[in-house]
Structure formats: C-alpha cells, structure tokens
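Structure first, commentary second.
The values are calculated or read from the model by the stated rules, or taken from the named source; none is laboratory data. Not measured: the values here are computed from a predicted model. A quick note on method: Cβ atoms are made from the backbone with ideal geometry, for glycine too, and the neighbour counts reach across all protein chains shown.
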Amino acid sequence: MKRIFIANWKMNPANIAAARKLFSGITAHTAGAKNARILVAPPFLFLSALPKSRRIVLGVQNIFYEKAGAYTGEISADMAFAAGARFAIIGHSERRALGETDAAINLKIKAALASGLQAVLCVGERDRTDENFQHTVRAQLMADLETVQKKSAGRLVVAYEPVWAIGTGKTVEPRDLFEMATYIRRIMLELFGKALALRIPVLYGGSVNAANAPDFLRVAGVGGLLVGGASLDAQEFGAIVKSEL
Ligand code: PGA
C-alpha cells in the first residue's frame, strides 16, 4: 500500500498568494515520489484557490456535521467536497482543546464519510506518564467511531497524534509507536472485522521532520505521517515524503 503523507497547514499561511506558493513548492519538491499519496489540508479559504492536481489530494482540517442551515461560521462536508476536498481531518487535538467533544467528532466522521470524503480521525493521549494512556486512545476510538458503518469504514484513516508530541519537538519512541499502532489495529478489528482492519491506514503525527521521519516509517503497521509545522516548508515536507523512496 502507498504511504500517506498529510500536510496539515493549520491556520497558515497568511494569504492566497502565499498558499499558492507553498502548494507549488510542495508539488515541485515531492515530484517523483511515486510510492506516496500526498494530501494537503489548507485553511478552507484557500481550498478553491489552489490548482487541481492529479498527484496531490486536497482536503480540509474540519467540517460541521449538519447538512445546511443556521450554523454561523460552519462549513458542511458536502460544501467541502464541492470545493474540491477529498478528505477531512477530524478530531484534531487542537480542536478538542477548543471544546470539540467525542460526540461531535462522531457526527463529523459520519457526515464526512456520507459525503464521500476520506475521514482522518486524530486520537492520542495528553500525557504519556498517565498509566491509562492506552485506555484514553481506546475510549476516543470507541466513542468517535460509534455506529460507523462497515461499508464506509474503508474510507477511514486513523492518525495517532499524542498531544504531548504536537509542536513540541518531542516524539514517540519507535517501540512505543509499534505498540500503539498494533493496539489501534486491534480495535479496528474489533469494530470492523479483519479485512477492513488491515486496510485502514494508521498514521503517526507529532513533531515529524525530515530527520526523524524514517524512524517512524520503519515501524511495522505505520501507514504514513501527519505533518504540521514541517509541512509549511516545502523542501522539508518534500524530504519527509522522499524518505520513503
Ligand atoms: P506538528 O503537528 O507536526 O507541528 O507537531 C502535527 C499535527 O498537529 O498534525
């Protein structure tokens, strides 16, 4: 299976011109990476301004779960799809920190899948020293994926993003990542059965850069990387993607 590399630009860059420049830089620096599926999640506002590319899939960093109506400031999964998005990051820890609940995340996952988007669900513990950290991840997965139908679960991606590793320069030990990826896969098996569990990619995210990317990609069961800060540097992101070659 091709490795997945997601660029999560978060609330960057400052304007459309800068977004186009970053996107064309990423296009140039990832050229020739045939074994990689490259996904870019810009802010909503820039989605329609970026060129359609056959090689780079565009997505969004959030959606709302209702289809239409009086929801000031929200954007539906169908709107995102119509604007060119083919995936949505859902349940990112930065959104959870702003008050997004597992119940809302669950609705968003189902709305995204129903609209034909691939849903990238982010889960992860806040603190590694908490001895219940595996249980935290399990509880998130169970709540966020409740009543998700098998027929749409083929479009699910799970990103393990320990909160303590996001934007901190700290990263998970490869051995611990292997354990967590295996643990997540076991939960997918429980929820969706063997055939699907083997197809749902499990990604790692948290302070990934070109120097440490190979350490994570070497871990069995890791299907790719979700990259925040380093995805704002086209050359660095290109090097991460090419560490796969
Ligand atoms: P980071 O962010 O790479 O800047 O740590 C990852 C993420 O939040 O998806």
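Here are a few things to note about the model shown:
Matching residues to (1) surrounded by fewer than 20 Cβ atoms within 10 Å (Cβ to Cβ); (2) modelled with pLDDT of 95 or more; (3) within 16 Å of the ligand (Cβ to nearest atom):
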{"residue": "170", "(1), (2), (3)": "yes, yes, yes"}
{"residue": "176", "(1), (2), (3)": "yes, yes, no"}
{"residue": "181", "(1), (2), (3)": "no, yes, no"}
{"residue": "197", "(1), (2), (3)": "yes, yes, no"}
{"residue": "228", "(1), (2), (3)": "no, yes, yes"}
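- Those residues of region 107-138 which are among the polar types (S, T, N, Q) and either buried (at least 21 other Cβ atoms within 10 Å of the Cβ) or within 16 Å of residue 192 (Cβ to Cβ) (or both), in sequence order: 118
- Subset of region 203-218 (residues that are more than 11 Å from the ligand (Cβ to nearest atom) and buried (at least 22 other Cβ atoms within 10 Å of the Cβ)): 216
- Of all residue pairs spaced 6 or more apart or on separate chains, those with beta-carbon atoms under 7 Å, a first member in region 176-189 that is touching a residue at least 12 places away in the same chain (Cβ under 8 Å) and a second member that is among the small types (Gly, Ala, Ser) are 178/220; 178/221; 181/221; 182/221; 185/197; 185/221; 188/197.
- Filtering region 139-168 to residues that are within 16 Å of the ligand (Cβ to nearest atom), more than 15 Å from residue 127 (Cα to Cα) and surrounded by fewer than 15 Cβ atoms within 10 Å (Cβ to Cβ) leaves nothing.
- The conditions of being in contact (Cβ under 8 Å) with a residue 40 or more places away in the chain and part of a loop (DSSP other than H, G, I, E, B) are met by residue 146.
- Test: residue 136 is polar (S, T, N, Q), farther than 21 Å from residue 3 by Cα and in a helix (DSSP H, G or I): yes
- Looking only at residues in region 7-26 that are over 19 Å from the mean Cα position of the chain (by Cα) and loosely packed, with under 14 Cβ neighbours inside 10 Å, the one that is farthest from the ligand (Cβ to nearest atom) is 17.
- Within region 157-175, tally of residues that are part of a helix (DSSP H, G or I), in contact (Cβ under 8 Å) with a residue 24 or more places away in the chain and more than 16 Å from the chain's Cα centre (by Cα): 2
- Among helices (runs of 4 or more DSSP H) entirely within region 73-128, having at least 3 residues that are within 16 Å of the ligand (Cβ to nearest atom) and not aromatic (Phe, Trp, Tyr) singles out 93-96.
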